[in-house]
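Let me begin by presenting the structure, written as structure tokens, before commenting on it.
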Amino acid sequence: MSGIVSNQQPVTDATILKVEDLKKYFPVERGVFRRIVDYVRAVDGISFEIKKGEIFALVGESGCGKTTTAKLIVRLLEATGGKILFYGKDISSLRRTELARKIQIIFQDPFASLNPRLTIGTIIGEAVRHRLEAAGGKVNGREIVEKTRELLNKVGLPSNILNEYPHQFSGGQRQRIGIARALAMEPELIVADEPVSSLDISVQAQILNLLLDLRDSLGLSYVLIAHDLNVVRFLSDRIAVMYRGRIVETGSVEMVYEHTGHPYTKSLLEAIPTAEPQPTE
Amino acid sequence: MVMENVLEVKNLSVEFYKGGKVIPALRDVSITLKKNEVLGIVGESGCGKSTLALSILKLIPEREGKVVSGKILFKGEELLSLSDKKLLKVRGDKISIIFQDPFTSLNPVFRVGNQIAESLALHRKENLSTHQKEKEIIELLELVKMPKPKDTMLAYPHQLSGGMQQRVMIAIALSSNPEVLIADEPTTALDVTIQKEILGLLTELQKKLGLSVVLITHDFGIVAQTCQRVSVMYAGSIVEEASTSEIFYSPLHPYTRGLLDSLPSREEPVGFSQREKRRLKAISGQVPDPSSLPSGCKFHPRCPIVIEKCKPEEPGLREIVENHWVRCIRAGEVV
């Protein structure tokens, strides 16, 4: 997107998010009395830190606990143990509306994450109204519409779609709408849970570029949840590889891809089919 | 060496009917599959690649759509005009198919062994005794490298992982000793490490059994690793067809070039100081709605090298270099 003035926000030293020994156990219930017989340790004691302006990726295969971690960070799930600190403040002590102004989430499936009965204007406008009300003062309708249009421009959509419905848009456009909704709260950190995995290759590239543009122009930080290691290598600054609820390796993109330490990471990297034809026999 | 054409699709057009609208899903599609070849069909969602797979086996529900024109030849024999009874001898028998999602393809209430037995009973002429059947089922499960085939035989689909379920699907597909295997996104639902195993298995079986394979995928990485030839589809037609290395190293259609450029993996590795400026070369716009395709070349609204002549008329496929076909009037120009 060319409309955005880039002021190249570099990664700073300030820690925006600190996760300490985070745990989430899901009970396994049996029988008529729903006796708890065991626990699934979806996230089993993970710790990491994200600097302001950084794109931090959590990667791993299905069931490794990466999406659970994403949900814990925005408190769609409550942790069993451990702490999540936003600028040093425990997020469990924040009110939900406060947290929503700091951390937002973008989901994988742009079809399921937008209410089909609401217009685009309402979907984004609702978030805009929350934000304006939180800032204090009376909010009028025109202000909301103006702000909504501005957000649509930011994510590369035309501003005359306020009265249209989600089904009128393609996957890529819907993902842009989801991003606009997240931006409406003016968060500092965005958790992006598989933001491009349901999109086609040509559209995927547009959204990846958009995420980078927004990072630069708004000074955002991202937690990227992804399974596609090519996307992760392109987009992120630092990576944590998860396996069975634990982080098995973490480091900068260069470190993890070029000097892989853990055998699991190695097997993951080796499994990606590279887009280079093999020499014919 | 002249290789035998096992499967030929000639100028196939398929339409779907939805809400009073005619949706052209395939427009003038031709592919040729040679014996022992792995042909890749690659494209984005809605480009018609799955419709192509289904039409080859006449699996498109009659109420929803139909083949408007074209031919499908299996070893020279026309499939579209065959009676249902005769078609059954080819479908599943000579041409098998595996789908993207193994869990929805398997019946959840029957044991895996029974589901393989069903296919054996349908496609084998001789009546097998229970003992023989069991032996064959175990052999098939061993063929697809299933650990503990005897236990798997008695398992229900939900007791198996996605990768194991796909192995069972492959076993069922191979139970009739087919000559052609159509694999429609066989690994899309699987994790990368499992994907690697399944693709390795398919390649190995293809060589061992002399199969000819049509591999449908959206993943260029998979194409590069497994296919000898590739057809790139866009908006219901083939826009480029060539050997895998030609497609990757000298693509001629602007769409193919755009797709390859937008892959994060093909991005030049940048130094740490440059990382702030990293961006992908994306194709602008989006895939057109199949019910309202643009005029002329279907890619022209998104094409970086579009000229006036692209808009009125859709170009045909032209052979620009030997065995390298492109649907673009500007292909071959020095751009």
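The values are calculated or read from the model by the stated rules, or taken from the named source; none is laboratory data. Because the structure is a prediction, the values reported are computed rather than measured. So basically every Cβ, Gly included, is an ideal-geometry build from the backbone, and we count neighbours across all protein chains shown. Keep in mind that these areas ignore ligands, DNA and RNA; they rest on the heavy atoms of the full protein, side chains included. Shrake-Rupley method; radii C 1.70, N 1.55, O 1.52, S 1.80 Å.
Worth pointing out:
- Estimated FRET transfer efficiency (B:Thr203, A:Arg34; beta-carbon r; R0 45 Å; 0.05): 0.45
- Between B:Phe220, B:Phe110, B:Phe299, the Gaussian network model of chain B with springs among Cα atoms under 10 angstrom shows the greatest mean-square fluctuation at B:Phe110.
- C-alpha center-to-center spacing [the range B:298-327, the range B:103-160] in angstrom: 48 Å
- Placed amide H near B:Leu7: partners under 5 Å, 5+ positions off or other chain: B:Leu33, B:Lys75
- GluC sites (Glu not before Pro) restricted to the range B:278-335 and DSSP loop, no more than 14 other C-beta within 10 Å: B:Glu313, B:Glu322, B:Glu333
- When DSSP beta bridges are restricted to pairs lying wholly in the protein assembly as shown, around 60% turn out antiparallel.
- Relative to the longest principal axis of the Cα atoms of chain B, the long axis of helix B:162-174 lies at roughly 80 degrees.
- Averaging Cα coordinates gives a centre for the range A:232-281 and one for the range A:100-148; these two points are 36 Å apart.
- With coordinates expressed along the principal axes, the C-alpha atoms belonging to the protein assembly as shown extend over 79, 68, 49 Å, beginning with the largest.
- Choice from A:Val40, A:Val241, A:Val191 with maximal GNM fluctuation in chain A (Cα, 10 Å cutoff): A:Val40
- For B:Ser69, nonlocal amide neighbours, meaning residues 5 or more places apart or on other chains whose placed amide H falls under 5 Å from its own, are B:Ser13.
- Chain B pair-distance distribution - Cα-Cα, 20 Å bins, rounded %: 29, 55, 16, 1
- For a straight C-alpha distance cut-off of 22 angstrom, the lysines reachable from B:Lys309 (same-chain residues fewer than eight places away being disregarded) are B:Lys298.
- Cut-off 12 Å (backbone N to label point 7 Å along Cα→Cβ of B:Asp84), residues of the range B:32-69: B:62
- All distinct Cα pairs of the range A:72-156 go into the 1/r average, and the inverse of that average, the Kirkwood radius, is 15.0 Å.
- Working from Cα pairs under 8 Å separated by at least six residues, relative contact order for chain B is 20 percent.
- Evaluated over the Cα positions of chain A, the convex hull gives a direction-averaged projected area, one quarter of its surface, of 19.4 nm².
- Cα gyration tensor category, rounded, prolate or oblate, for the range A:141-281 with a/c compared to 1.5: prolate
- Rg of the Cα atoms in the range B:145-211, relative to 2.2 N^0.38 Å, amounts to 1.10.
- Candidates per GluC sites (Glu not before Pro) in the range B:63-161, loop by DSSP, up to 10 other Cβ within 10 Å: B:Glu126
- Taking every alpha-carbon pair under 8 Å whose residues sit at least 6 apart, the range A:15-270 reaches a relative contact order of 27 percent.
- Computed with a 1.4 Å probe over protein heavy atoms only, the accessible area of B:His300 comes to about 30 Å².
- Taking each residue as 0.36 nm, the span from A:Glu143 to A:Glu186 lengthens on full extension beyond its C-alpha to C-alpha distance by 13.9 nm.
- Residue with peak Gaussian network fluctuation, chain B [Cα springs, cutoff 10 Å], from B:Cys303, B:Cys47, B:Cys227: B:Cys303
- Charge dipole magnitude, Cβ of K and R +1, D and E -1 - the range A:15-270, Cα centre, debye nearest 20: 900 debye
- Each Lys or Arg adds one and each Asp or Glu takes one away; over the other residues whose Cβ falls under 12 Å from the Cβ of A:Ser93, this sums to +3.
- Approximating the spin labels as points 7 Å out from Cα along Cα→Cβ, the A:Leu218-to-A:Thr12 distance works out to 1.7 nm.
- Sites matching chymotrypsin sites (Phe, Trp or Tyr not before Pro) across the range A:15-84 that sit in DSSP coil, with at most 14 neighbouring C-beta atoms within 10 Å: A:Phe33
- Amide H within-cut-off set for B:Ile182, under 5 Å, with H built and near neighbours excluded: B:Ser96, B:Ile97, B:Ile98, B:Val214
- Counting every pair of alpha carbons in the range B:146-305, the share spaced more than 22 Å apart comes to 57 percent.
- Simple label model, 7 Å out from Cα along Cβ direction - A:Asp109 to A:Glu49, nm: 3.8 nm
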